[in-house]
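Data block below; observations after.
What follows is calculated from the coordinates using simple rules that are stated; it is not laboratory data. Computed from a prediction, not measured in an experiment: that's the story for all the values here. Ideal geometry is used to build each Cβ from the backbone, glycine not excepted, and the neighbour counts take in all protein chains shown.
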Amino acid sequence: MNDFLLTVLLGLIEGLTEFLPVSSTAHLRIFEALAGLDLSDPYWKMYAIVIQLGAILCLPIYFRERIVRFVASFPRGGRDDRGWATHPLTLTALAFVCTAVPSLLLIKLIGKHLESLVVMGVSLIVGGIVMWVVDALYEHGTLRTHIDRMEAMGPAQAVWIGLCQIFSAVFPGTSRSMSTIAAGQLAGMTRTSALEFSFFLSMPTMVAATGYDLFKSLHHAQTNPLGAVRMTVHGWILLGIGFLVSFIVAYGVVAWFMNWVRRRGFVPFAVYRIAVGAAVLWWVARAAR
């Protein structure tokens, strides 16, 4: 496959799946395997992570008015009912720390699993089942929801969601948005408020993760589990194209997904995850014969 067509398709896949609870990392790696790319190649490992930054950067633009209000209202909040420890910006930072610190300690384990299609397949299935069960409990009123907006959540919910997001860092295929949304619903948040916090938490999380991996890869650090990457002009061009495509597509997905969640649940995504995960495991088993 032509490299330029390949990077456009990868950017399209990233933009479509980054904010949906289906795991963009798994979809990128699965497509790379189908395209015949070497999943252990340091460049494509780095590419699959860094390209996500293109999608993430659409969030500050989409939520620019909300971000401005948060900054202007710090620390008392828009209704003067918040404080330094309970303002949405503080809670986002708190959840980020709860995810980032353990993830750094588990960096070798994360790198080890990045190319494992078996881990991705199992994670897709398990995550789909979890999301289906949680959303069913939510739909039937079993879960008590008392947080209808992100501004009303507290430190306990932020810590819980941050810790749950560690699973998505360790096991590719789990999905950051799935972990955040399901954890938020279990903590008493509505679908919309959980999704909004997922978006806000993904900004510092992915900027830090992609920036760290790119820096370590380009500086040939021996401790980098992705391996050292020697970038060429061609490599930078491919990365730039994928970055731009993912940004444009992701912006449209965010607007669509916000409207979808307000009217419907997450069951269709759970079913899709389980189907894709089962297909991946079947494919791996067949290839191993």
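Nearest 10 degrees, 0 to 90: what angle lies between the long axis of helix 88-105 and the longest principal axis of the chain (Cα atoms)?
So the helix axis and the longest Cα principal axis differ by about 40 degrees.
With an 8 Å cut-off on Cα pairs and a minimum separation of 6 or more residues, tell me the relative contact order of the chain in percent.
Averaging sequence separation for qualifying contacts and normalising by length gives 35 percent for the chain.
Of the residues Met131, Met231, Met120, which exhibits the maximal mean-square fluctuation in a Gaussian network model of the chain defined by a 10 Å Cα contact cut-off?
Top of the fluctuation ranking is Met231.
Mind running the shape call on segment 229-289? Use the C-alpha gyration tensor, a ≥ b ≥ c as the square roots of the eigenvalues: rounded below 1.5 for a/c, prolate if a/b tops b/c, oblate otherwise.
oblate
For a quick check of your reading of the filter: which chymotrypsin sites (Phe, Trp or Tyr not before Pro) in segment 17-86 sit in a DSSP loop and have no more than 13 other Cβ atoms within 10 Å?
Sites meeting the loop and neighbour criteria: Trp84.
What full-extension length gain, to one decimal in nm, is calculated for Thr145 and Val284 as 0.36 nm per residue of separation minus the Cα-Cα distance?
Details: separation 139, 0.36 × 139 = 50.04 nm, distance 4.04 nm.
Taking 0.36 nm per residue and subtracting the Cα distance, the gain is 46.0 nm.
Enumerate by residue number the trypsin sites (Lys or Arg not before Pro) in segment 37-109 meeting two conditions: DSSP loop (anything except H, G, I, E, B), and at most 13 other Cβ atoms within 10 Å of the site's Cβ.
Filter output for segment 37-109: Arg76, Arg79.
On a 0 to 90 degree scale, rounded to 10, what angle separates helix 176-186 from the longest Cα axis of the chain?
So the helix axis and the longest Cα principal axis differ by about 30 degrees.
Rounded, prolate or oblate: pick one for segment 135-195, where a ≥ b ≥ c are the square roots of the eigenvalues of its C-alpha gyration tensor, a/c under 1.5 means rounded, and failing that, prolate if a/b is larger than b/c, else oblate.
oblate
Quick check: the angle from helix 267-287's long axis to the longest principal axis of the chain, C-alpha only, nearest 10 degrees?
20 degrees
Under the Kirkwood approximation applied to all pairs of distinct alpha-carbon atoms, what is the hydrodynamic radius of segment 3-287 in Å? Intermediate values should be presented prior to the final figure.
Working: mean 1/r = 0.0522 Å⁻¹.
So the Kirkwood estimate lands at 19.2 Å.
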